[in-house]
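Student: Below: one structure in structure tokens.
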Amino acid sequence: MNNNQNINREMSRSYFKIGMFIICITLAVFAYKTAFGYTKVKLYETYDNCTVTTSSKHHRTSKGGTATTYYVKVVREDPDYDADMADEAEKKTQKKEEGRMKVNINYRDESDSDNDGKTVLFSDIVPYEYYKLFRNYKSSQVTMYTTDWGRHYPVSQLKCNSKKAEREYRKLDPPTGTQFLLGIFGAIGLLNIFLGLKSKSVADNYSSDRVYEPGFTFSDKEDALVMMAHARIQREKEEERRRRERRDRGYF
């Protein structure tokens, strides 16, 4: 076994080990995220007197094609709302504010309230997979979940567990960044496997049992004779090397 063969076999083993390690880690992370989720979510509240509406809109893209945008909206109506009392309270509030110094203060609640006693719990452009969950939603109750960074969103089943709620959140906000990184690591692992196979092939070409000779294309008869002579000399050198090795080992 010559030095070139040893080097390429060592490289082949190293590439295989690195490639298999990266692929195993990538698959383990992917399996863990798929089973246990990409985002932490928790139950927020289940609301009564809700209406879920879905809609879609076709429009032209900047490239001249067509695309469809999907919407989901959840509105909650307050059954105790009295329009006359609300108008009277608003007038009293306006009168009090007129006698005060006007200061611009922006208040932002977790949901938007209309003047007719309706509260918008959720309203957003959503992916088609998430839109499908609410296309035939009929219940007047809606369960809302929230992410660890504070985004509230509805789920398609009342009081479902957090595992199913997280799966639905993936459809609302797909974890494309994490999946892209996992894809890159998987590709790096496969590249190392390919390099390992390549190094093994080179090592096999340096086998001590034969001399590696690349394929030749003979342009004419003289060229063929030269190549044949070259091959004969190489064979003679190889036989002489094997004889020396046998003598060194005590064989005659």
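Student: Would you mind checking which residues have amide H under 5 Å from Y145's amide H? H placed 1.01 Å from N; only 5 or more apart, or other chain.
Tutor: Counting only residues 5 or more places away or on other chains, the set is Y44, Y153, V155.
Student: Would you grab the residues whose amide H sits under 5 Å from the one on V126? Only those 5+ places off in sequence or on another chain, please, with H modelled 1.01 Å from N.
Tutor: Y70, Y71, V72
Student: Taking θ as phi - 60°, what are the ³J(HN,Hα) couplings along the stretch 145-159 by the Karplus curve (6.51, -1.76, 1.60), each to the nearest whole Hz, with x for Gly and Pro?
Tutor: Calculated HN-Hα couplings, in order: 10, 9, 7, 5, 9, x, 8, 8, 8, x, 10, 7, 10, 5, 6 Hz.
Student: In sequence order, what are the phi-derived ³J(HN,Hα) couplings for the stretch 19-32 according to the Karplus relation 6.51 cos²θ - 1.76 cosθ + 1.60 with θ = phi - 60°, rounded to whole Hz, with x for glycine and proline?
Tutor: Values per residue, Gly and Pro as x: x, 5, 4, 5, 5, 5, 5, 4, 5, 5, 5, 4, 5, 5 Hz.
Student: Also, quick follow-up: Multiply the residue gap between S14 and F30 by 0.36 nm, knock off their C-alpha separation, and tell me the result in nm, one decimal place.
Tutor: 3.3 nm
Student: Which FRET efficiency value, to the nearest 0.05, do you get for I193 and S56 by plugging their Cβ-Cβ distance into 1/(1 + (r/R0)^6) with R0 = 41 Å?
Tutor: Calculated transfer efficiency: 0.40.
Student: Among the listed pairs K33/K159; K42/K118; K73/K132, give every one whose C-alpha distance is greater than 21 Å.
Tutor: K33/K159; K42/K118
Student: Give a residue-ordered list of calculated ³J(HN,Hα) values for the stretch 164-176 (Karplus: 6.51 cos²θ - 1.76 cosθ + 1.60, θ = phi - 60°; whole Hz; x for Gly, Pro).
Tutor: Working through the residues one at a time gives 5, 5, 5, 5, 5, 5, 4, 6, 6, 9, x, x, 5 Hz.
Rule-based calculations on the coordinates, nothing more; no lab input. Nothing here was measured: the structure is a model prediction, and the numbers come from that model. Virtual Cβ from ideal backbone geometry, glycine too; neighbours counted across all protein chains shown.
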